[in-house]
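Okay, so here's the structure we're looking at.
The values are calculated or read from the model by the stated rules, or taken from the named source; none is laboratory data. If you're wondering where the values come from, they're calculated on a predicted model, not measured in any experiment. Cβ coordinates were reconstructed from backbone atoms using ideal geometry, including for glycine residues, and neighbour counts include every protein chain displayed. In case anyone asks, the SASA skips ligands and DNA or RNA and just uses the protein heavy atoms, side chains included. Shrake-Rupley method; radii C 1.70, N 1.55, O 1.52, S 1.80 Å.
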Amino acid sequence: MTSDLGSRYQRDVERAVERLGRREGRPGAMAPFEQIFAGGSRAQEVAQGAAPVVGVLCNFAPEELILAAGAVPLRLDLGHGGCAEAGGGVIGTEVCPTVRALAGARAGGLPFHGDVDLLVVPAACDAKKKLVQLLEGETHLMELPVTKDGPGARERWTEQVWLLARRLERL
């Protein structure tokens with residue numbers, strides 16, 4: 001299943017990039033984004049192995065902080081159906097497809113998903129907290145404030161960023 005899931009994922013990415021490239025009226029400025037989608041420069045940085053790799057699961061993980069720590073941030077969340085299917089056996093089918101896809105990608109041995117030095121998981125939902133409990137390897141859970149303007153939200157966010165900075169210093 002591992003190699004099948006990996007090859008299926010790679011085929012789906014290649015098809016999606018190809019479809020995007022054929023779209024009528026597609027602006028040429030989209031090419032760099034398509035390269036990123038296809039694996040692009042971050043994959044090359046990871047392959048060089050010169051710096052620690054920090055997997056991130058959403059935009060709440062501050063890439064600038066990861067870069068400042070001398071690490072390579074690598075976005076790992078995805079919505080691949082095959083990965084979500086595989087993840088249903090790991091984390092259960094009652095959670096969202098995104099979290100199931102993450103669990104399936106890790107279990108299925110997709111590139112990079114098991115090879116990060118640290119996985120940063122901003123807890124945007126209870127399912128991501130559960131995912132951290134199930135994952136093996138180095139993880140860092142960021143407890144996000146419930147609202148951005150609520151009482152203590154700014155202080156809580158600042159505390160979480162500092163905790164991540166301290167964790168990144170140990171890489």
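Annotations
- Overall, the accessible surface of the chain at a probe of 1.4 angstrom is composed of carbon and sulfur to the extent of 51 percent.
- Result for the chain in a Gaussian network model with C-alpha springs under 10 Å: among Arg106, Arg75, Arg156, the largest mean-square fluctuation is at Arg156.
- For the stretch 75-140, dividing the convex hull volume of the Cα atoms by the residue count gives 76 Å³ per residue.
- Highest average packing first - 56-63, 130-137, Cβ atoms within 10 Å: 56-63, 130-137
- Accessible area per residue in Å² at 1.4 Å probe, computed on the chain: 59 Å²
- Correct choice for log10 I(q)/I(0) by the Debye sum over Cα atoms at q = 0.13 Å⁻¹ that was computed from the model, options [x] -0.71; [y] -0.78; [z] -0.61: [x]
- For Met142, nonlocal amide neighbours, meaning residues 5 or more places apart or on other chains whose placed amide H falls under 5 Å from its own, are Val121, Ala123.
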